[in-house]
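The values are calculated or read from the model by the stated rules, or taken from the named source; none is laboratory data. Since the model is a prediction, treat every value here as computed from it, not as a measurement. So basically every Cβ, Gly included, is an ideal-geometry build from the backbone, and we count neighbours across all protein chains shown.
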RNA sequence: GGGCGGUUAGCUCAGUUGGUUAGAGUACUACCUUGACAUGGUAGGGGUCAUUGGUUCGAAUCCAUUACCGCCCACCA
């Protein structure tokens, strides 16, 4: 026999199989027209990334589907890779530079980018090794990086193409300015947070007058950029001022009072200062009234030369000083508290500054049309379904996408300006006479490369060649995507748009938006709060399989997961249980082959135990397939957990132990049958716990050294083997055993005491079950004797109860606590009477009888007679005692 | 402000088109070291199914209402 260690050494096992799988290139895929394909792309993690709980689901979920499909005979291709993550990476390297007291400007663009590449080579791969540790069955030969040559070429091709189609344009617009990373970011890269700030009421005097308008603002420091005061045209208070001019504090500049519907009469004073260069809405008002936009802040969010004495102050210092000065000038009326939302940068957590600048945009409306249609028509399905609505809402109100970033790390925009003429050149390759041209300094949003990911990883080029690209033709569209819901707009929606624009085909068929993992109080896990353990630490402590199993077991479709470390025990214990069951079966097989060497094998006939486990097993297979299809992954793992633990280990193996000793001539056949089930169990479980199942699969049979369970076939279902009758009958046996154990326990008899029991079945079926399982019941309940009788002498030697149609009498050898017994039974009688009462009432209700279906009425009648029967039996028992 | 999802045992969740005395895991309690497993076994206690009203012979399930929680979108200076 092969050695079977007492414990599962996951540390060793994980390394061993990782190496084995990768060295043998098991998961490398090639177009194979003989087989159906299943292709998936990984949501490329940031090159700066380190494994967190979001990644765990990003990786584990597709791995489950890929491993499963592979075992079902599909040609599976799962592409890994990384995202260059413009802002995050650049900030990381800038920080390192800062330690040496340098800035990127000291190096210059080329040197700096060289340094980032060096950083990437040195530190950028950690996430990939963590993905390896997770057991991801990805095709490493296809690993891609969004700045790879091919992918970069695609980015330029698409930019040029969209530019020439008129879908990319340059505009002077208010954008979300991140003053920390000093770049524009898109609307999808900011979030809003509620904060309490001050609302300042400031007097703006009318030209040559003692009259003034009081405006309310939270941003007094931008008043230098005011080019109007706006009031609502219907506001009686200000009607007479419209068209007049007011004097801007500090600057002695006259600005007009304009009327605009945008102004809310109720808010503040009803008079609003308009700063077109530093507020989105003000910008729009400005355009309507043809106002000048004056920029008063620098890119670092400091006041610029336009602000005179305040120049160089940051906005908070400036605000303080301006208020002081306004007080001195008696221009400040009052200050109130105001709770409002402010925009924060996702990446740097800096407060976003609306900022007027030249940026590049993609017109989205046209691209959105087909992408909406693809989801509407069911070409792409979202799970859970409610994301469909969220998607439509966003797509129907889509806004242009700001794609330029004032960074150095990324794809530089393929636009060149002629030094003399200012002419614009937009091509994939740089101009032939580069000395006459200057390339646009900006780089593209990182998502401008990710939205092409499912195309570009398969070598798409947006050229004639695509027609003969067998990789693209075979693998695209992909089948499945499993992102977090937070990137539905940033990534998922945009991939759909790009895919349809460039191939006319959707990039994937089904999208499962996985749960977000929170801490046990429901708070989002965050580094700054430190409210979680690192998944890698937990994997180290409990094993990767345990971690994978737990997290999937806990993740229901469509809601968040509350996770804490203790819960990892669910997976750890399950893995241990599975391990021990296998070890036991192999020990047993060994022992049996020795013990029964000289015993001839008899013909074996299936019994109730066999047909029951067969039925349970096939039901489980059907359920797991169904749950996987519906993306109910927690149900999928739960049904496997229950089958393995409750049915297989608690009952089937326990019964088998007894059966082999009862039927030595069948012992070999029985243990082989059990091991066969176990082998199948390993194969169903492999997609979710790959390491331990691989290890066990090799342990339970010799000669598998050059094979892997990941290519063993997925067990097939035989629906004809599902028999409700067998399951019901077996359920009755279980109840018999449980009641018997209860009876002992309730009467204070230790499990170790071998009791004598009489049973009185009132039906032939009941009698048959007891006879058939008599020896099992005796063993499982530790009984000395189990005798079937027709009636009981009414001495007081027995504790009794009723289960189904069988009366149980436990001999107490004179130790009966009759009072306690009577109490117990009369309590049950009371319950049953109450229940019978409701049934009687129902069954005498004319309305019920006439309106409910026959089936339901029959069912109720059956319940009624069963309850009556049991009640009779119990009442007889009480009589006997008294 | 608009939209969506949720509320079932201490906790995490099931509950199929309305027809169980409402289930599981976990936690808790008791007993058990019985030759796979104490990361285990056997059993037990624990729920007015968030509120109020309606439809129905019958509601955890359908409808409406309220409350609370969560998410998304927009954003008022």
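Here residue A:876 meets each of (1) touching a residue at least 12 places away in the same chain (Cβ under 8 Å); (2) more than 49 Å from the chain's Cα centre (by Cα) with one exception, condition (1). A Cβ distance below 6 Å, combined with a sequence gap of six or more or placement on separate chains, defines the contacts here; from region A:549-560, residues that are within 25 Å of residue A:389 (Cα to Cα) reach residues that are at pLDDT 70 or above and assigned to a loop (DSSP other than H, G, I, E, B) in the pairs A:555/A:515; A:557/A:384; A:557/A:631; A:557/A:632; A:558/A:384; A:560/A:515; A:560/A:516.
Here is a check on your reading of the model: is residue A:784 surrounded by fewer than 19 Cβ atoms within 10 Å (Cβ to Cβ) and at pLDDT 85 or above?
It is true that residue A:784 is surrounded by fewer than 19 Cβ atoms within 10 Å (Cβ to Cβ) and at pLDDT 85 or above.
Only one entry of A:851, A:827, A:834, A:861 meets the criterion of being more than 30 Å from residue A:746 (Cα to Cα), loosely packed, with under 14 Cβ neighbours inside 10 Å and within 11 Å of RNA strand B (Cβ to nearest atom), and that entry is A:851. Here is a check on your reading of the model: is residue A:238 more than 26 Å from residue A:344 (Cβ to Cβ) and touching a residue at least 60 places away in the same chain (Cβ under 8 Å)? Criteria not met by residue A:238. Of all the criteria given as (1) under 26 Å from the mean Cα position of the chain (by Cα); (2) surrounded by fewer than 16 Cβ atoms within 10 Å (Cβ to Cβ), the one not satisfied by residue A:380 is (2).
Of all residues in region A:630-648, those that are farther than 14 Å from residue A:571 by Cα have Cβ atoms under 9 Å from Cβ atoms of residues that are outside any loop (DSSP other than H, G, I, E, B) and near RNA strand B (Cβ under 7 Å from one of its atoms), 6 or more apart or on another chain, in A:648/A:581. Of the listed requirements (1) surrounded by fewer than 19 Cβ atoms within 10 Å (Cβ to Cβ); (2) touching a helix residue (DSSP H, G or I) at 6+ places or on another chain (Cβ under 6 Å); (3) more than 30 Å from residue A:73 (Cβ to Cβ), residue A:718 misses just one: (3). Can you pull out every residue in region A:369-422 that is closer than 20 Å to residue A:629 by Cα, within 16 Å of RNA strand B (Cβ to nearest atom) and in contact with a helix residue (DSSP H, G or I) (Cβ under 8 Å, 6 or more places away or on another chain)? Answer for region A:369-422, where residues must be closer than 20 Å to residue A:629 by Cα, within 16 Å of RNA strand B (Cβ to nearest atom) and in contact with a helix residue (DSSP H, G or I) (Cβ under 8 Å, 6 or more places away or on another chain): A:375, A:382, A:387, A:388. Looking only at residues of region A:246-269 that are closer than 23 Å to residue A:331 by Cβ and without any contact (Cβ under 8 Å) to a residue 12 or more places away in the chain, we find that the one that is nearest to RNA strand B (Cβ to nearest atom) is A:253.
To keep it simple, each residue is scored yes or no on (1) surrounded by fewer than 21 Cβ atoms within 10 Å (Cβ to Cβ); (2) over 23 Å from residue A:626 (Cβ atoms); (3) at pLDDT below 95.
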residue: A:661; (1), (2), (3): yes, yes, yes
residue: A:667; (1), (2), (3): no, yes, yes
residue: A:682; (1), (2), (3): no, no, no
residue: A:690; (1), (2), (3): no, no, no
residue: A:694; (1), (2), (3): no, yes, no
residue: A:697; (1), (2), (3): no, yes, no
residue: A:702; (1), (2), (3): yes, yes, yes
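Looking only at residues in region A:270-284 that are under 18 Å from residue A:206 (Cα atoms) and near RNA strand B (Cβ under 6 Å from one of its atoms), the one that is surrounded by the fewest Cβ atoms within 10 Å (Cβ to Cβ) is A:270. Which condition number does residue A:410 fail, the rest of (1) modelled with pLDDT under 95; (2) outside any loop (DSSP other than H, G, I, E, B); (3) buried (at least 20 other Cβ atoms within 10 Å of the Cβ) being met? All conditions are met except number (2).
Among the candidates A:430, A:456, A:482, A:449, which residue alone is within 30 Å of residue A:106 (Cα to Cα), more than 16 Å from RNA strand B (Cβ to nearest atom) and under 34 Å from the mean Cα position of the chain (by Cα)? Steps first, answer last, please.
Details: A:430 fails: under 34 Å from the mean Cα position of the chain (by Cα); A:456 fails: within 30 Å of residue A:106 (Cα to Cα); A:482 fails: within 30 Å of residue A:106 (Cα to Cα).
Of the residues listed, the single one that is within 30 Å of residue A:106 (Cα to Cα), more than 16 Å from RNA strand B (Cβ to nearest atom) and under 34 Å from the mean Cα position of the chain (by Cα) is A:449.
Of the residues making up region A:104-124, those that are under 33 Å from the mean Cα position of the chain (by Cα) and closer than 16 Å to residue A:86 by Cβ are A:116, A:117, A:119, A:120, A:124. Would you please name the residue that is nearest to the chain's Cα centre (by Cα), looking only at residues in region A:6-21 that are in a loop (DSSP other than H, G, I, E, B) and in contact (Cβ under 8 Å) with a residue 12 or more places away in the chain? Per the stated criteria, the residue is A:8. Return the residue satisfying two criteria in turn: it lies in region A:514-551 and is more than 12 Å from RNA strand B (Cβ to nearest atom) and crowded, with 21+ Cβ neighbours inside 10 Å, and of such residues it is modelled with the lowest pLDDT. By that ranking, first place goes to A:532. Residues that are outside any loop (DSSP other than H, G, I, E, B) and more than 23 Å from residue A:481 (Cβ to Cβ) were ranked within region A:22-64; the one that is nearest to the chain's Cα centre (by Cα) is A:22. Selection over region A:295-314 of residues that are buried (at least 18 other Cβ atoms within 10 Å of the Cβ) and part of a helix (DSSP H, G or I) gives a count of 2. Residue by residue through region A:554-567, note down the ones that are more than 8 Å from RNA strand B (Cβ to nearest atom) and either within 23 Å of residue A:513 (Cβ to Cβ) or under 17 Å from the mean Cα position of the chain (by Cα) (or both). Once the filter is applied, which keeps residues that are more than 8 Å from RNA strand B (Cβ to nearest atom) and either within 23 Å of residue A:513 (Cβ to Cβ) or under 17 Å from the mean Cα position of the chain (by Cα) (or both), region A:554-567 yields A:555, A:563, A:564. If you go through region A:345-379 and keep only what is under 23 Å from residue A:444 (Cβ atoms) and assigned to a strand (DSSP E or B), you end up with A:345, A:353, A:354, A:355, A:356, A:357, A:358, A:359, A:360, A:361, A:362. Restricting the first residue to region A:581-592 and requiring it to be over 13 Å from residue A:699 (Cβ atoms), which pairs with a second residue that is within 7 Å of RNA strand B (Cβ to nearest atom) meet a Cβ separation below 9 Å and a spacing of at least six or different chains? Filtered contacts from region A:581-592: A:588/A:653; A:588/A:657. Annotation for region A:752-768: at least one member residue is part of a helix (DSSP H, G or I), away from RNA strand B (no atom under 16 Å from the Cβ) and either in contact with a strand residue (DSSP E or B) (Cβ under 6 Å, 6 or more places away or on another chain) or closer than 18 Å to residue A:801 by Cα (or both). Each residue in region A:212-245 was checked for being more than 14 Å from RNA strand B (Cβ to nearest atom) and either over 18 Å from residue A:332 (Cα atoms) or in contact with a helix residue (DSSP H, G or I) (Cβ under 8 Å, 6 or more places away or on another chain) (or both), and 9 pass.
Highlighted here are the helices (runs of 4 or more DSSP H) found entirely within region A:644-740 that include at least 1 residues which are more than 12 Å from RNA strand B (Cβ to nearest atom) and closer than 30 Å to residue A:781 by Cβ: A:654-662, A:667-685. Filtering region A:149-164 for residues that are within 22 Å of residue A:40 (Cβ to Cβ), touching a helix residue (DSSP H, G or I) at 6+ places or on another chain (Cβ under 9 Å) and surrounded by fewer than 22 Cβ atoms within 10 Å (Cβ to Cβ) leaves a non-empty set. Checking the stated criteria, residue A:602 turns out not to satisfy the condition of being in a loop (DSSP other than H, G, I, E, B), more than 29 Å from residue A:772 (Cα to Cα), more than 8 Å from RNA strand B (Cβ to nearest atom) and modelled with pLDDT under 90.
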